[in-house]
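This report concerns only the one structure given below.
We did not get these values from a lab; they are worked out from the coordinates using the rules stated. Since the structure is predicted, the reported quantities are computational estimates derived from the model, not experimental observations. Ideal geometry is used to build each Cβ from the backbone, glycine not excepted, and the neighbour counts take in all protein chains shown.
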Amino acid sequence: MENISAQALLLAAGRGERMRPLTDHTPKPLLAVRGKPLLQWHLEGLQRAGVRSVLINTAWLEAQFAKTPGTLFEAPPLPPVDIHYSLEGRDFGGALETAGGIVRALPQLAPVFWVAAGDVYAPGFAFAGEDLVRFSASPALAHIWLVPNPPHNLRGDFGLSESGMALNLPEGDSAPRFTFSTIALYKQAFFADCGIPPGNPDGIKAPLAPLLRRGMDNGKVTATLYAGTWVDVGTPARLAELNSGDCPV
């Protein structure tokens, strides 16, 4: 495993079952959205924010990532972004789920780092340095961005208090819920008690939602409601809609 300190992790290891048959031959984050690989939209946002080192976790058809985006992302006139990989397919034969993949990548990540799913389209999201600085100085261990609920997730995921705390609302609670955008800032300490050692040497598969809910119950997760364009490109129909121009840029 490389000894680096990447400032962001992009999640790109999944099989993309709901996107079949398109993902039978192409990883979902490399499918074209408005003329660019979907993953490139995040890379451009990170580059604009001054992030210079990005880690991508891969598993399904991971050999394709060696060509696109390769080991360097360039979009002049800004400085290029160095790209590194956490190869879950090579090392474990498949994806480790979200938390398992993040913990696998921890030795390659900075003490505070961005995470975003590679199959989410959010072209205007600003991976703002001031957000990272503010979060680093706070007692929170995770800061997540929520979005208004899309048609495929009308119930939402988490609540949001007036003071900016993410809420694990109990079943039946009438308070509004919002959808987790997958975009977040984490401190390595957030994963300290997850039961998996940093680097995940045994390749344990683990979801992220239970860790987030536990962190919310402990008052360690803050949140911001994001009102910009956000699409979970989870089905061929959503991809077609984006590429037809029916969705906003």
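Observations on the structure shown:
- Square roots of five times the Cα gyration tensor eigenvalues for the chain, Å: 25, 22, 19
- Nearest-20 debye value, the chain charge dipole, Cβ charges on Lys, Arg, Asp, Glu: 140 debye
- With a simple spin-label model that places each label point 7 Å from the Cα along the Cα-to-Cβ direction, the separation between residue 175 and residue 241 comes to 2.9 nm.
- At R0 = 30 Å, FRET efficiency that the Cβ-Cβ distance of residue 15 and residue 75 yields, to 0.05: 0.55
- Scanning the chain for DSSP H helices at least 15 Å long along the axis (C-alpha atoms) with a Kyte-Doolittle mean no lower than -1.0 picks out 38-48.
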